[in-house]
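Working notes for the structure below.
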Amino acid sequence: MQIELISFGKISDFISNQILEIEGIETTDDLKKHLEKNFPGLADIKYKLALNKNLVQQNSEIKNRDSIAIMPPFSGG
Amino acid sequence: MSEKKIKNIFVTGSIAPEFIAKSISNHSPKTSIGGHSIFLGQVRKDEVDGKLVSAVEYTAFEELALTKMHEIREAIFSKYPLSCLHVHHSLGDIKAGEICLFVFTSSKHRKPAIEACNELVERIKAELPIWGKEIFTDETHQWKENS
């Protein structure tokens, strides 16, 4: 299936916005493992995901054409 | 969540002192107000490893930020007896010395205005998906981290 990946802050320095083709990944926890393996820089960073513009607070199911945002700690203000 | 419309807090570029002055004067007709509290965030010319910050470039996950800000706004209104509450946050390049955050609360008495303003600033910095990139005078950058 395909998901849309959007990145922010320092993560956008090494993961560009892209359509990602993934197989065998059903949840946000699976996706985290996949991302950390494919983008090694991510493993050392604290980050949160948003699924279809909602902050992921617990493991959630991912479906084809979902949008996933990867967000490092916030630094507004 | 209430049916109230989600307000946009984002402005492109810095927040002009004239805009702040106008916001204050807009409250003159609201004569039940007895106290305003204002917080202004200003971009600091930090020195990091001998390099000076010339600007901070702000980006946000706008839709998520506005939904979250709406929740915060509702929570603050139910916690404090406020007459009104305004939040403006900059996006894009803001030069050192310019204003990037404007939080404005008004109440019948000073204490709710001051406390609500403080809580808003803390929650905005901790909970809104906004990121600041510090641009140095030599055009290198580092991502800001809130303390």
Matching residues in the stretch B:119-147 - criterion: being without any contact (Cβ under 8 Å) to a residue 12 or more places away in the chain and either within 25 Å of residue B:36 (Cβ to Cβ) or among the β-branched types (Val, Ile, Thr) (or both): B:122
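For (1) surrounded by fewer than 17 Cβ atoms within 10 Å (Cβ to Cβ); (2) under 25 Å from residue B:46 (Cβ atoms); (3) in contact with a helix residue (DSSP H, G or I) (Cβ under 6 Å, 6 or more places away or on another chain), each residue gets a yes or a no:
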residue	(1), (2), (3)
B:59	yes, yes, no
B:65	no, yes, no
B:70	no, no, no
B:78	yes, no, no
B:81	yes, no, yes
B:89	no, yes, no
B:113	no, no, no
B:117	no, yes, no
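Residues that are within 14 Å of chain A (Cβ to nearest Cβ), over 24 Å from residue A:68 (Cβ atoms) and touching an Asp or Glu at 6+ places or on another chain (Cβ under 9 Å): which strands (runs of 3 or more DSSP E) entirely in the stretch B:52-147 hold 2 or more of them? Can you show your working first?
Values: elements: B:82-95, B:99-107, B:130-136, B:141-143.
Qualifying strands (runs of 3 or more DSSP E): B:82-95, B:130-136, B:141-143.
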Filtered residue count, the stretch A:49-73, keeping only those that are within 14 Å of another protein chain (Cβ to nearest Cβ) and in contact (Cβ under 8 Å) with a residue 24 or more places away in the chain: 8
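Answer yes or no: is there a residue in the stretch A:47-66 that is part of a helix (DSSP H, G or I) and either among the charged types (D, E, K, R) or within 10 Å of the chain's Cα centre (by Cα) (or both). Walk me through how you get there before you give the answer.
Quick first cut of the stretch A:47-66, residues part of a helix (DSSP H, G or I) only: none.
There is no residue in the stretch A:47-66 that is part of a helix (DSSP H, G or I) and either among the charged types (D, E, K, R) or within 10 Å of the chain's Cα centre (by Cα) (or both).
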Qualifying residue in the stretch A:31-47 (condition: at pLDDT 95 or above and facing chain B (nearest Cβ under 9 Å)): no
Residue in the stretch B:34-42 that is within 11 Å of chain A (Cβ to nearest Cβ), not β-branched (Val, Ile, Thr) and not in a strand (DSSP E or B) present: no
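The values are calculated or read from the model by the stated rules, or taken from the named source; none is laboratory data. Since the structure is predicted, the reported quantities are computational estimates derived from the model, not experimental observations. We place every Cβ from the backbone using ideal geometry, glycine too, and count neighbours over all the protein chains shown.
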